[in-house]
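Down below is the structure, laid out as structure tokens.
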Amino acid sequence: MPLERLDEPGLGLTGTTWTRVSSKLVWTELVSTIVIGVIVTAGCVLFAVLFGGFGGAAGTVWSCIAIVVALVALVTAVLTPRRVRAIGYALRDDDLVLRRGLMWQRFTAVPYGRMQLVDVNRGPLDRVLGLSELKFVTAAAATNVRIPGIPAADADELRDRLVELAESRRAGL
């Protein structure tokens, strides 16, 4: 979906300049999806063999579950590049807006004045690919805003800028 279609008048995002995350994030997401899919599918096949083989009732149920898990992992892997392209963020005057989602688009605005902590995380695969993830802690306990797939150097600069903006907004400047 082109970025222009995301600038819907009802959302107040008309004219917003979106920054996309790195395309290297696709590899991190694919590896995670494939590893989890293989492990869960193998576990279901193991249960099918242990509980009566493929001919028994329990074995048939576990075999069906294994097939469903494998199909879900496959569909998720196929949609991963498009899902990663849908992630973006924008720094506006008063807040940071994060967008994500293919079918159900989600827009999250985090006011600078409510940011208490901006955390930079780098997992093993992220370090190999030179990526980082920014996590935001706000006054709301249920806040789970994170921006994955930001190049490491950009993440450090963005963190510093957001901390500066948050401090100035909290101070009322």
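The values are calculated or read from the model by the stated rules, or taken from the named source; none is laboratory data. Worth saying up front: this structure is predicted, and the values here are computed from it rather than measured. As a convention, Cβ positions derive from the backbone with ideal geometry for all residues, glycine included, and neighbour counts pool all protein chains shown. Only protein heavy atoms, including side chains, enter the accessible area calculation; ligands, DNA and RNA are left aside. Shrake-Rupley method; radii C 1.70, N 1.55, O 1.52, S 1.80 Å.
With the full set of protein chains in place, find how many percent of the accessible area of the range 67-173 is carbon and sulfur; take the probe as 1.4 Å. Write down the numbers at each step before the final one.
Numbers: 3510 of 6160 Å².
Reported share for carbon and sulfur atoms: 57 percent.
Counting only other residues whose beta carbon sits under 13 Å from that of residue 138, what net charge do I get with K and R as +1, D and E as -1? Mind showing how you got there, number by number?
Values: positive: 114, 135, 146, 169, 170; negative: 95, 119.
It works out to a net charge of +3.
Can you give me the relative contact order of the chain as a percent, contacts being Cα pairs under 8 Å and 6 or more apart?
Details: 240 pairs, mean separation 33.0, N = 173.
Worked out over the chain, it gives 19 percent.
What fraction of the Cα pairs in the range 52-99, stated in percent, has a spacing above 14 angstrom?
Roughly 69 percent, rounded to a whole number.
What is the angle, in °, between the Cα long axis of helix 152-170 and the longest principal axis of the Cα atoms in the chain? Nearest 10 is fine, range 0 to 90.
The answer is roughly 50 degrees.
Using a 1.4 angstrom probe and counting only protein chains, how large is the accessible area of residue 159 in Å², to 10?
Spelled out: residue 159, probe radius 1.4 Å, area about 70 Å².
Which residues make up the longest stretch of the chain that has no chymotrypsin sites (Phe, Trp or Tyr not before Pro) in a DSSP loop with at most 11 other Cβ atoms within 10 Å? Before the final figure, lay out the partial values.
Numbers: sites that count: 54, 104.
Between exposed loop sites, the widest span is 105-173.
Could you give me D for the chain, from Stokes-Einstein at 25 °C and 0.890 mPa s, where the hydrodynamic radius is the Kirkwood radius over C-alpha pairs? Units µm² s⁻¹, please.
Details: Rh = 18.5 Å.
Diffusion coefficient, whole number: 133 µm²/s.
Return one whole number: the accessible area per residue of the chain in Å², for a 1.4 Å probe. Working shown, then result.
Working: 10300 Å² over 173 residues.
Per-residue value: 60 Å².
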